[in-house]
Structure formats: C-alpha cells, structure tokens
Amino acid sequence: MDISVVIPLFNEEESLPELYSWIERVMAASGLSFEVIFVNDGSTDGSWNVIKKLSDESEHVKGIKFRRNYGKSPALYCGFKEAQGDVVITMDADLQDSPDEIPALYHMIKDEGYDLVSGYKKKRYDPLSKTIPTKLFNATARKISGIHNLHDFNCGLKAYRRDVVKNIEVYGEMHRYIPYLAKNAGFTKIGEKVVHHQARKYGKSKFGLNRFFNGYLDLITLWFLSNFGKKPMHVFGFLGSIVFLIGLVAVMIIGADKLWSLYHGVPQRLITESPYFYISLTMMMIGTQLFLAGFIGDLVSRSSLNRNDYQIETTLKCDNIEKKNS
C-alpha cells in the first residue's frame, strides 16, 4: 500500500464526508493505493456514525473509537500502530488541511528520500491572538530542538516514512514535537513544504491558549529527557556539587573571618546572627538534595527495562554470530 492517511478527530461529523470525498478524488487522480484511518477521540456528536457509514461504503476507510477523549497524541499513536502504507500522512479533520497536498508530500518521502516532511502554513487564516504566540512558540522549538529549517512544528499536515511512525512513541501532548521525537530516534532528514491553509468551515477550534503554556512545559521535558533521560546524575549531580561547594566555601570564609576577629580582639557579632551563614547552609542543603535527586534518578534509569532500547536500522550476520557463540 502506498499511503495511510491518519486523521484524529473530535466532534467533526459535518466535515468528515466532505474530507473523505476530497481525499478519494485526489487518490484516484494520482493513482496511489491508500487507506484512511479515522481515530474518533471520544466525540460526543455523530462522528462515529459517519465513520461507520463511510467504512460501509468504502473498503479504504478504517475507524478507531476511544471510549472518552484522550487527546491528539494518543489518537495519533493508535493510528500509527494500524497504518500499513509506505508513507503515512497525518492531517486534521476540520478541512483546514488540503488533501491536494498529499501527492507532493508522498513524492518528497519516496523520491527525495526525506524521513519526515512537515507542512508550513505560511499564510494563515487565524487571529493575531493565535498567530503571534505560534511564532514565538516555533522560534523556541527551533532553538531547543536544533531543527532550524522548520517554521511550523505543530502543523497537523505531515508526511512520514513508515519506519518513522513505527519507531517513535507519541504520548501526552507530544504531537507538537513529532519532528523532535523523530530526530532523537535517528531520523534526521527532515524537510518542510509550504502548504495551503483554509479557514475552518464547520464547528469551532478545540484548542485554547493553554496549549501554548503546556507546549513550553512539554518542550522542556522533551529536551531534558533527550539529553539527560538516561544520565540524570550528569545534570543534577553536577549542579548539586557546584551549589554545595559554593555554600561550603562561603561557610568557611565566614568561619575564618570570625576566627581572625577573635585572634586580633576585634569585636564581632555571632556567626548565627549573620544572614550569610544561613544562606550558605541553605545552599549546602539544596546542593545535597540536587545531588541525591540525580543519584536516585540514575538508579531508576539503570533499573528501567528500556535502558538498552536503541534505534537499530539494520544488522549484518548477527544471527550467525549468535549461533556460533551459542
């Protein structure tokens, strides 16, 4: 099969028939074999009935129904598990993503060798309250992830080589950072294509401004896990040692100053009356806690069943070597 189109949705019953009809026309014109996987993320309207009707009418339609609303990342994760196409396309169900872009995205993966191609809605039909935070968010994501050629990390319209979606785990709200997840998994040929953005035709947006705040928190989490997930002692232990040593040196200076004053008979107040004494002790305690946090985190990491999970692309004669050794 050439293409799997994965479409997560929540309360989009009005747009689904038009969306699938559009996809079907594009696939027929391009001569590509395809499947469409609708993932119903706990919709409370008639979305699932529409999906069942489309599935009855077409052999290309598959459906997954969640018992309740889990979010876009779980929907993509389950859709990726079911996808069988050589190229996997993701798009939103609200008709803001154009299916006309699918053939070009497919050829960028198959013919130009990209692992992942992300859409870039250069001209958007969104209010400034949404576009300005989006620009700031994407600038931060580019800086932290090191993927400098992407302008729109959160664009729902993306194309993937099948190996990519089978080797990344999309969880929580990490769908915003799938390019970063792919890069961490060793898929480094990541491209971008300017795509057409359409104004929403039915319903209303399901995302609020809180997604920007949550997005920054998720980005920090992903950055930390990708850099220190298997070696937390390297960051917490280092910071804890530095903070502890600064506090220790400060206490020694305060003590030495007190001894010097006593030796020369210079009147001086008690050490315990100095605020610097308590600041120094606090730094030593914080440093110790940071060090212990890193130590405990290292123990947890070493005990993890996934501690030796690595992205292996291919092997040569490994089976024969194992048989000889046995």
Exercise for the section: Answer yes if at least one residue in segment 35-56 is touching a Gly at 6+ places or on another chain (Cβ under 6 Å), farther than 19 Å from Gly71 by Cα, surrounded by 20 or more Cβ atoms within 10 Å (Cβ to Cβ) and of a type in the set (S, T, N, Q), and no otherwise. Expected result: no
Exercise for the section: Would you check which residues across segment 155-173 are assigned to a loop (DSSP other than H, G, I, E, B) and either open to solvent by 70 Å² or more (accessible area, probe 1.4 Å) or of a type in the set (A, V, I, L, M, F, W, C) (or both) and list them? Expected result: Cys155, Leu157, Ile168, Glu169, Val170, Tyr171, Glu173
Exercise for the section: Inspect all residues belonging to segment 1-19 and state whether any of them is open to solvent by less than 40 Å² (accessible area, probe 1.4 Å), of a type outside the set (S, T, N, Q), without any contact (Cβ under 8 Å) to a residue 60 or more places away in the chain and out of contact with any Lys or Arg (no Cβ under 8 Å at 6 or more places or on another chain). Expected result: no
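Any chance you could count how many residues in segment 80-123 are open to solvent by less than 70 Å² (accessible area, probe 1.4 Å), among the charged types (D, E, K, R) and under 23 Å from the mean Cα position of the chain (by Cα)? Break it down stepwise before answering.
Filtering segment 80-123 for residues open to solvent by less than 70 Å² (accessible area, probe 1.4 Å) gives 80, 83, 85-99, 101-106, 108-109, 113-121.
Add one more test, that the residue is among the charged types (D, E, K, R), and what stays is 86, 92, 94, 97, 101, 115, 121.
Add one more test, that the residue is under 23 Å from the mean Cα position of the chain (by Cα), and what stays is 86, 92, 94, 97, 115, 121.
Total meeting the criteria: 6.
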Exercise for the section: Please indicate, with yes or no, whether at least one residue in segment 190-200 is part of a strand (DSSP E or B), open to solvent by less than 20 Å² (accessible area, probe 1.4 Å) and modelled with pLDDT under 85. Expected result: yes
Practice task
Return the only residue of Glu18, Glu12 being in a loop (DSSP other than H, G, I, E, B) and closer than 19 Å to Arg200 by Cα.
Solution key: Glu12
Exercise for the section: Determine the pairs where a residue that is more than 24 Å from Leu281 (Cα to Cα) and at pLDDT 80 or above, located within segment 255-267, has a partner that is among the hydrophobic types (A, V, I, L, M, F, W, C) and surrounded by fewer than 10 Cβ atoms within 10 Å (Cβ to Cβ) with Cβ atoms under 9 Å apart, the partner being 6 or more residues away or on another chain. Expected result: none
Handout entry: Long-range neighbours under 8 Å by Cβ, at least six apart or interchain, first residue within 13 Å of Glu13 (Cβ to Cβ) within segment 42-61, second open to solvent by 20 Å² or more (accessible area, probe 1.4 Å) and part of a helix (DSSP H, G or I)
Key = Val50/Pro17; Leu54/Pro17
Handout entry: Residue check for Gly186: out of contact with any Lys or Arg (no Cβ under 7 Å at 6 or more places or on another chain) and surrounded by 17 or more Cβ atoms within 10 Å (Cβ to Cβ)
Key = no
Practice task
May I ask you to verify whether Thr90 is among the polar types (S, T, N, Q), at pLDDT 95 or above and under 26 Å from Ser226 (Cα atoms)?
Solution key: yes
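The values are calculated or read from the model by the stated rules, or taken from the named source; none is laboratory data. Note that this is a predicted model, so its numbers are computed, not measured. Counting neighbours? That spans all protein chains shown, and the Cβs are built from the backbone with ideal geometry, glycine included. SASA here: full protein model, heavy atoms, side chains in, ligands and nucleic acids out. Shrake-Rupley method; radii C 1.70, N 1.55, O 1.52, S 1.80 Å.
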